[in-house]
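Below you'll find the structure, written out as structure tokens, and then a few comments.
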Amino acid sequence: MADELFGHPRLAAIYDPLDPDRGDLDAYLRLAGQLGARQVLDVGCGTGVFALLLADRGIEVVGVDPARASVEVARGKPGGDRVRWICGDATALPPLQVDLVTMTANVAQAIVAPHTWQGTLKGAYEALRPGGHLVFETRDPARRAWEEWNRAASHRVTEIPGVGAVETWLELVEVSGPLVTFRGTYVFAADGRRFTSDSTLRFRERQEIEADLTAQGYLLHDVRDAPDRPGREFVFVAQRP
Ligand SMILES: C[S@@+](CC[C@H](N)C(=O)[O-])C[C@H]1O[C@@H](n2cnc3c(N)ncnc32)[C@H](O)[C@@H]1O
């Protein structure tokens with residue numbers, strides 16, 4: 001089941017306005033250009049920001065995400081009809097032959113269950129044409145990002161046109177080995193409604209992901225830094241031979 005943040009219509013509708021700076025996508029766009037990708041599958045497309053940026057560049061895009069409310073936000077955006085949206089995940093895709101598969105904004109960490117993670121890497125592999133690339137990021141566990149996921153560090157009030165003020169904060173619920181659970185709270189000033197969304201992320205070590213990629217048949221080309229978050233992320237560039 002999707003986290004409320006992505007799966008509840010009121011929260012999916014404010015995902016973009018709460019995080020309007022998507023400079024994190026620049027490196028993915030650059031790479032898609034460098035690879036000459038003409039067909040892209042964006043796994044965990046969420047509200048479709050990256051898929052629509054690709055479609056704007058004339059690229060044929062399939063966006064897949066299990067959170068229906070987020071997919072509906074994506075579909076309703078200008079240009080949304082140029083992307084093929086699928087509500088689901090990469091373990092059950094229709095036949096595809098794309099040049100590039102992406103997972104932006106730490107989608108890989110939201111894929112917590114080992115069988116779903118293996119199935120996602122397998123599904124992406126099968127969706128790629130031979131020679132096609134898989135590119136995704138994940139937070140470096142050594143940087144312990146969850147230490148900033150507390151109310152003092154995260155509390156904000158955001159004025160959203162058409163919605164009003166929304167007060168938000170994060171709280172850490174549990175750290176259990178590689179699994180980190182946190183709760184987001186969202187309070188809408190307009191009607192006083194308050195929502196919470198619990199999320200669990202898996203923090204995988206670089207070597208673990210390298211082994212997972214190799215086991216699925218990928219060639220690993222590079223593990224890069226995310227230019228907008230130096231030293232905090234691993235960005236994997238793998239290829240289907
Ligand atoms: C932080 S959001 C990122 C969304 C989008 N990639 C972006 O850049 O804005 C994480 C997304 O991963 C999705 N997700 C969770 N489990 C997934 C799975 N098994 N397969 C694909 N996406 C998944 C969530 O529904 C959510 O939309």
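The values are calculated or read from the model by the stated rules, or taken from the named source; none is laboratory data. No experiment lies behind these values; they were computed from the predicted model shown. FYI the Cβ positions are ideal-geometry reconstructions off the backbone, even for glycines, and counts take in every protein chain you see.
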- Boolean, Asp89 is more than 11 Å from the ligand (Cβ to nearest atom) and either under 14 Å from the mean Cα position of the chain (by Cα) or within 26 Å of Asp228 (Cα to Cα) (or both): no
- Message: So Val83 ticks every box in (1) within 11 Å of the ligand (Cβ to nearest atom); (2) buried (at least 17 other Cβ atoms within 10 Å of the Cβ); (3) under 16 Å from Ala127 (Cβ atoms) but one. Which box is left unticked?
- Response: (1)
- Pairs, first of a type in the set (Phe, Trp, Tyr) in the range 156-174, second loosely packed, with under 15 Cβ neighbours inside 10 Å, C-beta under 7 Å, six or more apart: Trp169/Arg151; Trp169/His155
- Task: Would you tally the residues in the range 92-119 being among the β-branched types (Val, Ile, Thr) and either in contact with a helix residue (DSSP H, G or I) (Cβ under 8 Å, 6 or more places away or on another chain) or away from the ligand (no atom under 11 Å from the Cβ) (or both)?
- Result: 5
- Take the range 209-229 and flag every residue that is in a loop (DSSP other than H, G, I, E, B) and over 15 Å from Gly131 (Cα atoms). Asp225, Ala226, Pro227, Asp228, Arg229
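Residue by residue, here is whether (1) of a type in the set (A, V, I, L, M, F, W, C); (2) modelled with pLDDT under 95; (3) crowded, with 16+ Cβ neighbours inside 10 Å; (4) within 16 Å of the ligand (Cβ to nearest atom) holds:
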site: Phe136; (1), (2), (3), (4): yes, no, yes, yes
site: Ala145; (1), (2), (3), (4): yes, no, yes, yes
site: Pro161; (1), (2), (3), (4): no, no, no, no
site: Phe182; (1), (2), (3), (4): yes, no, yes, yes
site: Ala189; (1), (2), (3), (4): yes, no, no, no
site: Gly192; (1), (2), (3), (4): no, no, no, no
site: Ser197; (1), (2), (3), (4): no, no, yes, yes
site: Leu201; (1), (2), (3), (4): yes, no, yes, yes
- Could you pull out the residue among Arg22, Arg68 that is outside the structural domain of Phe195 (by TED's automatic domain parsing), within 9 Å of the ligand (Cβ to nearest atom) and either over 17 Å from the mean Cα position of the chain (by Cα) or over 27 Å from Gln216 (Cα atoms) (or both)? Arg22
- Query: For the range 26-47, what are the residues that are of a type outside the set (A, V, I, L, M), under 18 Å from Pro94 (Cβ atoms) and within 11 Å of the ligand (Cβ to nearest atom)?
  - Reply: Asp42, Gly44, Cys45
